[in-house]
Amino acid sequence: MRATRNSTTSSVSDLRTDTPPLTLGAVQTGAPASAPVSHGLPDHDVSAEGLTKSFGKTQIFSDVNFRLVRGEAVALVGANGTGKSTLLRCILGLIPIDGGTVELLGQDVSAAKASQMRQLRSKTGLVAQKHNLVPRLTVLSNVLHGLLGQQSGPRYWSQSFAPQAARDAALAALDKVGLAHLAGRRADRLSGGQSQRVAIARALIAQPKLLIADEPCASLDPSAGEEIMSMFFDLVRSEGVTVVFTSHHIEHALTYGDRVLGLAEGKLKLDATANSLAPSDLRGLYD
Ligand SMILES: Nc1ncnc2c1ncn2[C@@H]1O[C@H](COP(=O)(O)OP(=O)(O)OP(=O)(O)O)[C@@H](O)[C@H]1O
């Protein structure tokens, strides 16, 4: 837990007024445009410049700009329907964008060929609110599914046929989430919290560079949700994975995020380090 928070940052409770965006640009922690590169690779895993997205005639957001530094955990917050999931889908190249650019792991997503997108997806993982496990398959087989982006063919994800190395990796991933003892259980015999742990193991087995977590504990009761959040962030931090997560809990955003991005009224209204914010600074974003 973060010990103290400085609440000197202006409040966002006035987001519905015409006041300028709270801190956008002022406390930006992402790498600046001219940031040096190390080993020929950019030191950010995701960047968006002038990102604009509409569905039909409805503009969801426009001119969104940010950079996510490698290894940081970024909370994406905003009221229902402000476009958080849409932004995550744009980052992953799952839906076309209408303006600007998104760079994912050094690749312009809009310009990527299908083979490049496959490669990118094998380096990214998704943990969603609904865990989407295959109910009739074992826990181990479900975790092996996480290798699908890297290996083709059913042999790599069937518990019976997967190579020993893949099964060992799946067991190791299950061990990390405390569920190795349930490897042989059918997924539909798990509790909600256990299912989400399996989903996390499935995302981690591929050793992703970037993990997107869309409300990872929204379907769980508060105590299971706390356990999942704490375990998930311990794991991703120990493995140095860059994470973008959405949450409707202000405390989760501030506790688990290094940085908070806030969407409101079709704009990125907030980009600030978590330890510069107090809960009251975020309340306006959730209204
Ligand atoms: N495929 C789509 N076609 C048309 N409209 C869409 C589509 N996907 C999302 N929308 C609309 O875009 C807006 C943003 O949706 P999105 O799911 O990104 O919001 P959100 O901030 O993630 O919401 P929540 O917090 O409730 O999950 C909503 O008005 C939604 O109805």
For peptides 194-202, 245-253, sequence by mean Cβ density within 10 Å, most packed first: 194-202, 245-253
For the range 239-287 and the range 174-192, distance of Cα centres in Å: 31
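Sort 231-240, 255-264 by the packing proxy (mean of other Cβ within 10 Å over each peptide's residues), most packed first.
Values: 231-240: 16.2, 255-264: 24.1.
For the peptides 231-240, 255-264, the packing ranking is 255-264, 231-240.
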Inter-part distance where the range 46-70 and the range 99-152 are each reduced to a Cα centre, Å: 21
Solvent-accessible area, 1.4 Å probe, carbon plus sulfur percent, for the range 166-257: 46
Ranked packing of 180-186, 124-130, most packed first, by mean Cβ within 10 Å: 124-130, 180-186
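The values are calculated or read from the model by the stated rules, or taken from the named source; none is laboratory data. In this text the structure is predicted, and so the values were computed from the model without any measurement. All Cβ positions, glycine included, derive from the backbone under ideal geometry; neighbour counts span all protein chains shown. We work out accessible area using only protein heavy atoms, side chains counted, and drop any ligands, DNA or RNA first. Shrake-Rupley method; radii C 1.70, N 1.55, O 1.52, S 1.80 Å.
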